[in-house]
Amino acid sequence: MRSTEKEFPTLPTETWIEILTEHGLSYHDLKRVAGVSRAFKAIIESSPLDALLFRGTPHSVLQDGTEVLLHPALDAWNLIETSYKKFEIRDATLTKTWKIHDLACVDDFATSPPVCGVELFNFGERYHDGHDDLSSCHQIRQKGVRVVDVLKRIARRWNEAPDPEEVHEMNEISYDDYTETLDLEYEWEPYVVDTCYDLLRDHGPAECYWDGWEPVDINQNGVVVLQPKPWTSERPEVHDK
């Protein structure tokens, strides 16, 4: 019986790696190549391609100026959710959606090069520009920080209590508005907010959506810092599936 395995061109592995890297193939491209045949799969699994496929030995610290790539699975459709199982990604045409936690890539390292520590900056605030006094930082420490570790920490942050200072600031604004309107039909009461998610959704901007990540940074301690872009007021375009 003839094998159904696709014929593999007889070139040295080093040559194929040079071809694949020189043509600028992305993470997704390389994963597709791995599915062509067992021989190609073996090439894709070789160590010279570790950096492009978010593999390798995690670093405790990185030198300032190191180029750090963020795993494409973290380029999510929306990361303002209370469960990491709700986070979604879409294809380039926005016509197909996947739950990130269902994909095998959640076990990939979150960054390239891989690291043992990540700091999430400005998650949980209603408003942020990266410079205000209410900016927050939340750490992830693992032997190697994976995509799923980042997703779980983000979801946990949205379920945590908000910064008391932010709630206080919100109540000050609310009280000032109340006194300016002199609306005596009701008695002003301070807001009581249980979670960061409730603070954003119930008391944040009227229209507030996820807008992606700022460029990956490295702090003075050599730890990777991930920070979302300021929430946008423009609703992401959704196509019929």
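Read-outs throughout are calculated quantities, based only on the coordinates presented, and are distinct from any laboratory measurement. Only a predicted model underlies this, so the values are computations on that prediction, with no experimental measurement involved. Reconstructed Cβ throughout: ideal geometry from the backbone, glycine too, with neighbour counts over all protein chains shown.
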Report summary line: In vacuo Debye sum over C-alpha of the stretch 49-110, base-10 log of normalised intensity I(q)/I(0) at q = 0.22, 0.26 Å⁻¹, listed in q order, is -0.98, -1.14
Report summary line: In order over the stretch 52-61: 3J(HN,Hα) from phi, Karplus 6.51/-1.76/1.60, θ = phi - 60°, whole Hz, x for each Gly or Pro, gives 6, 10, 6, 10, x, 8, x, 9, 6, 9
Report task. Rounded, prolate or oblate: pick one for the stretch 9-57, where a ≥ b ≥ c are the square roots of the eigenvalues of its C-alpha gyration tensor, a/c under 1.5 means rounded, and failing that, prolate if a/b is larger than b/c, else oblate. Result -> rounded
Report task. Could you tell me which of the pairs Lys86/Lys152; Lys41/Lys143; Lys152/Lys229 are separated by over 22 angstrom between their Cα atoms in the structure shown? Result -> Lys41/Lys143
**Report entry** Residue (of Phe109, Thr66, Ile80) at the positive-pole extreme of the stretch 59-125, dipole from beta-carbon charges
**Finding:** Ile80
